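Notes follow the structure.
The values are calculated or read from the model by the stated rules, or taken from the named source; none is laboratory data. The shown structure was predicted, so the numbers you read here are calculated from the model rather than taken from an experiment. All Cβ positions, even for glycine, are placed from backbone atoms using ideal geometry, and neighbour counts span all protein chains on display.
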Amino acid sequence: MSKLKLALCATAFIVSGAAHAAEVSGDAVKIGVLTDMSGPLSSMAGPGSVAAAEMAIEDFGGEVLGKPVELLTADHQNKPDIASAVARRWIDQQGVDMLSDMVSSSVALAVQRLATSKDTMMITTSAATSALTNEECSPLAIHYVYDTYSLAAGTAKAVLANGGKKWFFLTVDYAYGHSLEENTTSVINELGGTVVGAVHHPLGTSDMTSYLLQAQATDADVIALANSGTDFINAISQAAEFGVGRDKQMVGMLVFLENAHSVGLKAIQGLQFTLAWYWDQSDEAREFAERFQKRQGKMPNSLNAGLYSAVTNYLRAVEAAGTDDATAVREQFAKMKMTDMFHKNAWVREDGRVMHDMKLMEAKKPSESNGEWDLFKVARTIPADEAFMPLSQSECSMVQASAKANAD
């Protein structure tokens, strides 16, 4: 063989080897879960989110493309600046490939901007603001479980259909609450209802009395609790204690399993709300829930199940793409149909919204419950195209650019 051929073969080997080595950056696929570990939203996500991610990685075999999958976790304390600092350090110093969970909408918005600027993928599972796939959409971001539009579309329509025309909002004062109130108000106005007022409370408010009394003093038919976690628990418990809502309908715009378990069915029986998933919805869901309960001592909520599904499908996308490069993995997601214990035939829309059915749930009467965690029943399945914001209403720059290109 000539020296030229040897040189060419050697060069080809080096290039091929370098390309293969570049399939997984840093010799590991690294996933970062940023969550609230001890604050007012920790019961919804926090330790449950970490456990769900761990289970997904273990069930996948602990590696992808022959490289280990590593999990990093941190408590962002519901502060965007802390979350952004942690995410920046993870990306710059530890080579994190994908960020997930978030739980706080203000945190999610801040971290999504940072992740996009650093070419890092983000899959938000527990924060709700619809801005993540609307005016703040990103080509490297996916919103996985639910959003404030879907909560409004499911719950508000059901309440309005049953005669709840005049609404008063008791809203948590940050991005999630504002987005939920805005989305719900749009549905109310569209269907002929009215909003007679609103009051906003800080995240983590222990005494809701003054806010509830303001709501009670109005002529509203409906008092809508646009909050979650301990804020929802405090509001619904104190409403029952002080007799607020006896002549009005109390509506929980976001109710999780832990919330119902904490306040008890007697206080919330008949309450309707919207969720993406419930542990008793199928045999597959029950199997996952039983394994989660053995690990965590409680049944999983929709956010826990959604994070498990998101991590699993992220690893499938990495495997199919043959790389952990963010752009390639996001493009792979766009080709996938996702069917697992969380959702069936789900897909990622061009704005990053995961499209799957949602469920209008109803809290059971105590007499209907067959066990400690048997708390909800499905009142109606909401098709994906009804549950989520239509692209015709989108302010997402990617959607608008696509529409303009098609028009041209």
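Mind checking whether some residue in segment 142-149 is surrounded by fewer than 24 Cβ atoms within 10 Å (Cβ to Cβ), out of contact with any strand residue (DSSP E or B) (no Cβ under 8 Å at 6 or more places or on another chain) and not in a loop (DSSP other than H, G, I, E, B)? Working first, answer last.
Here is the first cut: in segment 142-149, the ones surrounded by fewer than 24 Cβ atoms within 10 Å (Cβ to Cβ) are none.
Within segment 142-149 (the criterion being surrounded by fewer than 24 Cβ atoms within 10 Å (Cβ to Cβ), out of contact with any strand residue (DSSP E or B) (no Cβ under 8 Å at 6 or more places or on another chain) and not in a loop (DSSP other than H, G, I, E, B)), the answer is no, since none of the residues qualifies.
Against the criterion of being over 30 Å from LEU99 (Cβ atoms), in contact (Cβ under 8 Å) with a residue 24 or more places away in the chain and aliphatic (A, V, I, L, M), LEU180 does not qualify.
Within the span defined as segment 353-366, one or more residues are in a helix (DSSP H, G or I) and in the same structural domain as ALA161 (by TED's automatic domain parsing).
Which of the following residues is out of contact with any Leu (no Cβ under 8 Å at 6 or more places or on another chain) and either exposed (fewer than 10 other Cβ atoms within 10 Å of the Cβ) or at pLDDT 95 or above (or both): LYS3, LYS30?
Details: LYS30 fails: out of contact with any Leu (no Cβ under 8 Å at 6 or more places or on another chain).
Within the list LYS3, LYS30, the selection yields LYS3.
In segment 61-90, the residues that are assigned by TED's automatic domain parsing to the domain that holds ALA115 and over 15 Å from VAL103 (Cα atoms) form Cβ pairs under 9 Å with partners that are surrounded by 17 or more Cβ atoms within 10 Å (Cβ to Cβ) and of a type in the set (S, T, N, Q), at six or more places apart or across chains, as follows: LEU65/THR323; TRP90/THR120. Looking across segment 205-234, the residues that are in a loop (DSSP other than H, G, I, E, B) and farther than 30 Å from MET37 by Cα come down to ALA217, THR218, ASP219, ALA220, ASP221.
Return the residues of segment 99-133 that are more than 15 Å from the chain's Cα centre (by Cα) and touching a residue at least 12 places away in the same chain (Cβ under 8 Å); say none if nothing qualifies. Before you say what the answer is, go through the steps one by one.
Taking segment 99-133 as the starting set, the residues that turn out to be more than 15 Å from the chain's Cα centre (by Cα) are 110, 113-121.
Hits for segment 99-133 are ALA110, ARG113, LEU114, ALA115, THR116, LYS118, ASP119, THR120, MET121.
So is LEU191 under 30 Å from PHE388 (Cα atoms), among the aliphatic types (A, V, I, L, M) and surrounded by fewer than 16 Cβ atoms within 10 Å (Cβ to Cβ) or not? Here the answer is yes, as LEU191 does meet what is asked.
Can you tell me how many residues within segment 326-342 are buried (at least 19 other Cβ atoms within 10 Å of the Cβ) and out of contact with any strand residue (DSSP E or B) (no Cβ under 8 Å at 6 or more places or on another chain)? Steps first, answer last, please.
Narrowing segment 326-342 to residues buried (at least 19 other Cβ atoms within 10 Å of the Cβ): 326, 329-330, 332-333, 338, 341-342.
When the remaining residues are screened for being out of contact with any strand residue (DSSP E or B) (no Cβ under 8 Å at 6 or more places or on another chain), the result is 332, 341-342.
Selection size over segment 326-342: 3.
When the residues of segment 310-346 are narrowed to those that are of a type in the set (Lys, Arg) and in a loop (DSSP other than H, G, I, E, B), which ends up nearest to MET121 (Cα to Cα)? Talk me through it step by step, then tell me what you get.
Of segment 310-346, the ones of a type in the set (Lys, Arg) are 316, 330, 335, 337, 344.
Applying the additional criterion that residues be in a loop (DSSP other than H, G, I, E, B) yields 337, 344.
Numbers: LYS337: 19, LYS344: 23 Å.
It comes out as LYS337.
Given the criteria surrounded by 19 or more Cβ atoms within 10 Å (Cβ to Cβ) and of a type outside the set (Lys, Arg), does LEU375 qualify? So LEU375 passes the test. Set side by side, the residues VAL255, VAL187 differ, and just one is more than 21 Å from THR125 (Cβ to Cβ) and either hydrophobic (A, V, I, L, M, F, W, C) or touching a helix residue (DSSP H, G or I) at 6+ places or on another chain (Cβ under 9 Å) (or both), which is VAL187.
Taking GLN112, is it touching a Ser or Thr at 6+ places or on another chain (Cβ under 8 Å) and at pLDDT 95 or above? It is true that GLN112 is touching a Ser or Thr at 6+ places or on another chain (Cβ under 8 Å) and at pLDDT 95 or above. Against the numbered list (1) assigned to a loop (DSSP other than H, G, I, E, B); (2) at pLDDT below 95; (3) not basic (Lys, Arg), VAL251 comes up short only at (1).
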